[in-house]
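J.: Sharing a structure with you now.
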Amino acid sequence: MQAVLELLKRHCTPHTTDILMTHGKMIAGKALLACANVNADGDTRRLVIEAAYLHDIGVCRVDAPEIGGNGSEPYIRHGVLGREILEAEGLPLQALFCERHTGVGLTIDDIVSQNLPLPHRDMTPQSLAERIICYADLFFSKNPDRLEQEKPVEKIRKSLARFGEDKVAIFDGWLREFGG
């Protein structure tokens, strides 16, 4: 955990590091419950814990002053920026979590149809560990006033419904798979 903290400190402001550590703790807790419900192996559990803390590292490069983001990039790019950071740090596997955790993941069609300022490539979770992080992340905000408050399932479903019932269906499948 010390290496993760040092990595966050190297790239983020102290304020952002504090937020990401608390957010990561909440994601890790929810993700480990999901791991237990699917009998994930030890390697998957270790990767999930690390990714819980690192998946949002890209927020340090976006324009989000409320969470310490002091960059000029739009928030939607925090995933691809996080991937760049972690790849440069020699962590290509962990980098994929950054890019693949937005909502229930972004398809090329999502990116094109919504005219998102992102590379045109599939950004949906592929591995069990990636699905678990994506799922757990839906339950927690990075808003400093609500870091430790878990969102109710219905609020998540309503938020995802704005992007299509297919997104809600993915989340509902994860609820069944990971045990709510």
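Since every read-out is calculated from the coordinates, none of them should be taken as a lab result. Just so you know, these numbers come straight off a predicted model, no measurement behind them. Every residue, glycine among them, receives a Cβ derived from its backbone with ideal geometry; neighbour counts consider all protein chains shown.
J.: Would you please put 47-53, 88-94 in order of how densely packed they are, using the mean number of other Cβ atoms within 10 angstrom per residue and starting with the highest?
T.: 47-53, 88-94
J.: Mind checking which lysines have their C-alpha under 18 Å from Lys155, skipping anything on the same chain fewer than 8 residues away?
T.: Lys30, Lys142, Lys167
J.: Using the Karplus curve 6.51 cos²θ - 1.76 cosθ + 1.60 with θ = phi - 60°, work out ³J(HN,Hα) for each residue of region 19-29 in order, rounded to whole Hz, and write x for Gly and Pro.
T.: Listing the rounded values in order: 4, 5, 5, 5, 4, x, 4, 5, 5, 4, x Hz.
J.: While we're looking at this one, here's another question. Per residue Cα convex hull volume for the chain, in cubic angstrom?
T.: 107 Å³
J.: For a paramagnetic label modelled at 7 Å from the Cα of Arg46 toward its Cβ, which residues of region 114-137 fall within the zone defined by backbone nitrogen distances under 17 Å?
T.: Under 17 Å, as judged by backbone N against the label point of Arg46, lie 129-130 of region 114-137.
J.: Limiting things to C-alpha atoms, what are the Rg and the maximum Cα-Cα separation (Dmax) for region 1-108, in angstroms?
T.: 13.4, 41
J.: Return the FRET efficiency for the residue pair Arg146, Asn70: r is the Cβ-Cβ distance, R0 is 30 Å, and the value is rounded to the nearest 0.05.
T.: After rounding to 0.05, the efficiency reads 0.90.
J.: Further, regarding this structure: Shape of region 56-116 from its Cα gyration tensor (a ≥ b ≥ c, root eigenvalues): rounded if a/c is under 1.5, otherwise prolate when a/b > b/c, or oblate?
T.: Note, shape of region 56-116 comes out oblate.
J.: I've got another one for you. 5 Å is the cut-off here: which amide hydrogens, built 1.01 Å from N in the peptide plane, fall below it relative to Gly69, excluding neighbours closer than 5 in sequence?
T.: Ala64
J.: Local charge sum around Leu86 (other residues, Cβ-Cβ under 13 Å, Lys/Arg +1, Asp/Glu -1)?
T.: Neighbourhood net charge equals -2.
J.: Let me ask something else about it. So for each of 159-166, 119-126 I average, over its residues, the number of other beta carbons within 10 Å; can you give me the resulting order with the highest mean first? All intermediate terms of the calculation are to be shown ahead of the outcome.
T.: Working: 159-166: 13.0, 119-126: 15.6.
Ranked by mean Cβ neighbours within 10 Å, highest first: 119-126, 159-166.
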